[in-house]
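Some notes on the structure that comes next.
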Protein chains: 2
Amino acid sequence: MQSPDRVHLPTSVGYLLKEAASALRSAMEAVLRPLGMNVTHYSCLELLAQRPGLSNSELARGAFVTRQSMNVLLVALERDGLVSRAEHASSGRALPTELTPKGRRQLATASAAVWAVEVRMTASFSDAERAGLGDLLSRAVSSLRAEDPAA
Amino acid sequence: MQSPDRVHLPTSVGYLLKEAASALRSAMEAVLRPLGMNVTHYSCLELLAQRPGLSNSELARGAFVTRQSMNVLLVALERDGLVSRAEHASSGRALPTELTPKGRRQLATASAAVWAVEVRMTASFSDAERAGLGDLLSRAVSSLRAEDPAA
DNA sequence: TGACTCATGTCAACATTCTGACATAGAGTC
DNA sequence: GACTCTATGTCAGAATGTTGACATGAGTCA
């Protein structure tokens, strides 16, 4: 098939993974832009809806960015009245964050749009294929993190 | 399972896709950093090795960045003597680019390292699963691009 | 108690990438 | 030829994200 220590791009799982993630990101940004949001913006709100009280660092990990990046986003979201952060930590240094009603409303619109993108992406899949893709991706993540402390 | 117009993060194919791509990128950067390269840098060299004479715009599409970004990278790669660009276009405006021997040497090391990462990522997969993942990802990309002109 | 480790929030400087814009070159159409 | 359309290379500005660093708070252990 191919030489054993070399990457063949068109059939490389890594390349296809990158391509799929890129296409998904583009599609998401296309539907989020008219709503005045970007992917990280939406991800932050979605995380907060499903797990209220998350701290800046936890949100950063969930959205796959650094806590510094998430922090500048949170400052903007708080300024726009979409989230509210605790003044001071009840324990440790983590400042729990929560959605405001305004944030919840904005998220509702965005979440529906993003869901439609996900549906379109997996439109040709059977239920078994959809579940299989999720399983394979999960295992790939586990394998990557197994021997590598980074990330 | 879940409400029909809402995303449930831990089981969302989109979220898992983003997570896997993030983990792969981290792993690749971890092995490329000691070599003085990053992912886009490597991608550019790999593309040129497999398809010599690619133009700036074609490289950008292959590496999933804008042509502006690829251009600044190409300028740096040419300055470092890793690639050579044609002085003027033989047809149109596209300037074909090729690897120099130095670029080929650097790529050889990087390609082996990246290949090892891909092997690790799919270590627990059977051959059928590896091929299946590639097939599912390809179909997901097709579906995303089908109705959406962006990307 | 004190030292150590770890996670967090935050500041600063830097790197990377993108958006917007413009001029140029070829293909197709009238 | 003149027009339109598309693709390309390039410039400038801005947004976004990262690395590096530091201080703080909590837990662990001698």
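The values are calculated or read from the model by the stated rules, or taken from the named source; none is laboratory data. On a predicted model such as this, the values are computed, not experimentally measured, just so you know. Virtual Cβ from ideal backbone geometry, glycine too; neighbours counted across all protein chains shown. Note: areas computed on protein heavy atoms with side chains; ligands, DNA, RNA excluded. Shrake-Rupley method; radii C 1.70, N 1.55, O 1.52, S 1.80 Å.
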From the mean inverse distance of alpha carbon pairs (Kirkwood) and the Cα radius of gyration, derive Rg over Rh for the protein assembly as shown. 1.00
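Measure off, as a whole percent, the carbon and sulfur share of the 1.4 Å-probe accessible area of chain A, all protein chains present. It would help to have the intermediate numbers written out before the result.
Values: 4140 of 7730 Å².
Summing carbon and sulfur atoms, their accessible area is 54 percent of the total for chain A.
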Other protein chain Cβ atoms within 10 Å, averaged over every residue that makes up B:20-33: 6
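Could you rank B:H8, B:H88 by how accessible they are, 1.4 Å probe, largest area first? Could the numbers behind the result be given before it?
On the way: B:H8 75, B:H88 145 Å².
The ordering from most to least exposed comes out as B:H88, B:H8.
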For B:A94 and B:E129 in one chain, what is 0.36 nm times their gap in residues minus the Cα-Cα distance, to one decimal in nm? 8.6 nm
iface A-B | buried accessible area, total | probe 1.4 Å | Å², round 100 | 5900 Å²
Could you work out how far the C-alpha centroid of the range A:13-57 sits from that of the range A:96-151, in angstrom? 9 Å
Per residue of B:127-137, how many C-beta atoms from partner chains lie within 10 Å of its own C-beta, taken as a mean? 5
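Leaving ligands, DNA and RNA out of it, rank B:D127, B:D135 by accessible area with a 1.4 Å probe, largest first. Write down the numbers at each step before the final one.
Numbers: B:D127 120, B:D135 75 Å².
Descending accessible area places them as B:D127, B:D135.
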Can you tell me the orientation of helix B:101-121 relative to chain B, as the angle in degrees between its alpha-carbon axis and the longest Cα principal axis, to the nearest 10? 10 degrees
Over chain B, what is the mean sequence separation of C-alpha contacts under 8 Å (at least six apart), divided by residue count, expressed as relative contact order in percent? 20 percent
Taking the full set of protein chains and a 1.4 angstrom probe, give the accessible area of B:V65 in square angstrom, rounded to the nearest 10. 50 Å²
Other-copy label distances relative to A:A86, 7 angstrom Cα-Cβ extension, nm: 6.3
How are the alpha carbon pair distances in the range A:24-146 distributed across 10 Å bins from zero to the largest one, expressed in percent? 12, 36, 33, 17, 2
May I have the pair-distance distribution P(r) for the range B:86-151, computed from all Cα-Cα distances with 5 Å bins from 0 and rounded to whole percent? 3, 13, 10, 10, 12, 15, 20, 11, 4, 1
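For every helix of n ≥ 4 consecutive DSSP H residues, a contribution of -39,500 (n - 2.57) applies; sum these over chain B, divide by its total residues, and give [θ] at 222 nm rounded to the nearest 500 deg cm²/dmol. List each step's numbers first, then the result.
On the way: 6 runs with 95 residues, N = 151.
Taking each H run of at least 4 residues, the total per residue is -21000 deg cm²/dmol.
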